[in-house]
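Reviewing the structure listed below.
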Amino acid sequence: MTEHLKHFIAGASFEASDGRCINLVNPVTEQVYGSCARGTVEDVDRAVGAARHQLERGAWSQLDGAQRARLLSKLADLVERDTDVLADLDANAIGRSPLEPRRMDLPNAIANLRAATGWANQLEGRTIPSGGYFGAKTLSYTIREPVGVVGAIVPWNSPLMITVWKLAALLAAGCTVVIKPSEETPQSALHLAALAQEAGFPDGVINVVTGYGGEVGRALCEHPHVAKISFTGSPEAGREIQRTAGVLFKRVALELGGKSPQIVFDDASFEDALRGCALGLFVNQGQICAAGSRILVHRSLADRFAAALADAARAVKVGDPRQPDIQMGPVAKKAQFDRVNRYIQLGIDQGASLLAGGVSSPEQGWFVQPTIFANARNGMAIAQDEIFGPVGTVITFDSEDEAVALANDSTYGLAATVWTADLVRAHRVAAAVKAGAVGINCWSPLDANLPWGGVKASGIGREGGFSGALAYTEEKVITVLLPG
Ligand code: NAD
């Protein structure tokens, strides 16, 4: 046992009110390496109280945009300073190679904090021409106010980056927050809160309560003084959160799962599409909401493309992610290992052709071989359900209309990619695909200035970009009766 993590509330560390803990397990060795406090309803109440007290005191919410921007900028500098520490914390917790968060998650998180310095200064209102008041003239204008205390509930797959997506935007808007990291990955959120304290954020603006979703997460959703829940995670939990929050008229943003199509037309650059599809399938062991796991390929190149993708899958070096030549570590937890293997077996049973990988045997560490299925149908479980592992399903189409119909034949609508040399077709298909984000000849670009979110079972609301910051504000209209 090497570390024990406590809640961070109003600038200080606390054990759970009943003293209970959750073990943290290393996915490579399956050994317990630490623990964190198992938060209770009382702990949540204490943290929300601290966030509410600070909100009402106004030491953050009443600062002008430039002052908020100054602290956000300091926090960005500190996150940049601690890039390797934060990347290692996330990577070790889920068995990912630290090179990935160093190259992707951390630069994106830092860019988000820097972009938020601009958002803090752009929360402007409008003047609105109106009909007056019983014949007298009026002036109506709007202001943007912080929504209040936010409950930020975060998954385990990219813990720091997703925490920062929420934090940067809500801080720019002047909100205070209680963060609930995943029970598997509390480390980087706690380190981030400590960095915010070092940057000079007033105590109580950022609080972290560790623990289970059904306990800490639910208590946040039910708390009367939490104004908004910003949730990233599974559709199942999202559905429950929306139900709970709905009764209390709480604002909710849901960033949920996906089964994103990558549509490869016959005129696409074969190499570019292959590289993009492999990246979209295998980065972070496929444990990524935007994973491009439904590969729709024109019939004329489907066999060749599927075979090349299978070669790419076999070339991925799987093993202990701390070794420099290893590209893919284990999946993050036992439940994930069982889930991925169950779907691989389902793919075989339902008649898809297994070209690479397959069901893994449970040796030490939850390693899954990158797996490619071909000759699949869109109705199969491996084409409809989010597997959240390194599994790609190749489906053939004959026409553009069929490609669009297949892409949209999903309960999800998070992201999509169109691979083609015909830009007219690319824009036509991008418009026709029902998804929150479409890449043309690129897989799901990460950019702090772009809004991110889904439609259908992929969620409600957008985070990222200026739209993300606006989502943490209420628009208030003020009308003045003018004299004369
Ligand atoms: P999960 O839903 O099991 O848990 C996510 C978080 O919610 C955790 O902190 C968990 O403790 C908490 N939680 C669980 N049940 C809850 C409840 N009833 N009330 C309140 N909180 C609850 O998801 P996960 O396994 O951690 O993450 C994987 C899922 O997240 C996948 O579906 C993935 O696609 C999705 N995801 C989406 C995005 C996006 O931007 N759309 C990004 C990353 C991950």
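Brief remarks on what is shown
- Identity of the residue in the stretch 7-37, under 17 Å from E183 (Cβ atoms) and buried (at least 21 other Cβ atoms within 10 Å of the Cβ), that ends up farthest from the chain's Cα centre (by Cα): A16
- Leading residue by the ranking (nearest to A169 (Cα to Cα)) among those in the stretch 230-253 that are in a strand (DSSP E or B) and more than 8 Å from the ligand (Cβ to nearest atom): S230
- All positions within the stretch 116-147 that are of a type in the set (D, E) and in a helix (DSSP H, G or I): none
- Screening the stretch 402-484 for strands (runs of 3 or more DSSP E) wholly inside it with 1 or more residues that are within 24 Å of L281 (Cα to Cα) and within 16 Å of the ligand (Cβ to nearest atom) returns the ranges 415-419, 437-440.
Residue by residue, here is whether (1) farther than 24 Å from S234 by Cα; (2) not small (G, A, S) holds:
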| residue | (1), (2) |
| --- | --- |
| E363 | yes, yes |
| A383 | no, no |
| I387 | no, yes |
| I395 | yes, yes |
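Per-residue answers, yes or no, for (1) within 15 Å of the chain's Cα centre (by Cα); (2) among the small types (G, A, S):
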residue	(1), (2)
V247	no, no
L256	yes, no
D266	no, no
L281	no, no
A290	yes, yes
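- Checking each residue in the stretch 206-229 for being buried (at least 19 other Cβ atoms within 10 Å of the Cβ), of a type outside the set (A, V, I, L, M) and more than 7 Å from the ligand (Cβ to nearest atom) picks out N207, T210, G211, E215, H223, K228.
- Selected residue (only one of G280, G347, G319 is under 30 Å from L89 (Cβ atoms), crowded, with 20+ Cβ neighbours inside 10 Å, touching a Phe, Trp or Tyr at 6+ places or on another chain (Cβ under 8 Å) and in contact (Cβ under 8 Å) with a residue 24 or more places away in the chain): G280
- Residue in the stretch 405-420 that is at positive phi and in contact with a Gly (Cβ under 9 Å, 6 or more places away or on another chain) present: no
- When residues in the stretch 115-131 are screened for being more than 29 Å from the chain's Cα centre (by Cα) and charged (D, E, K, R), 1 of them pass.
- Residue selected from the stretch 291-300 under the condition away from the ligand (no atom under 16 Å from the Cβ) and buried (at least 18 other Cβ atoms within 10 Å of the Cβ), by the criterion farthest from A383 (Cα to Cα): H298
- Criterion applied to N92, N112 was being in a helix (DSSP H, G or I), crowded, with 19+ Cβ neighbours inside 10 Å and more than 17 Å from the chain's Cα centre (by Cα), and the one residue passing it is N92.
Values quoted throughout were computed directly from the atomic coordinates according to the rules given, and no laboratory measurement underlies them. Since the model is a prediction, treat every value here as computed from it, not as a measurement. Heads up, the Cβs are rebuilt from the backbone with ideal geometry, glycines too, and the neighbour counts pull from every protein chain shown.
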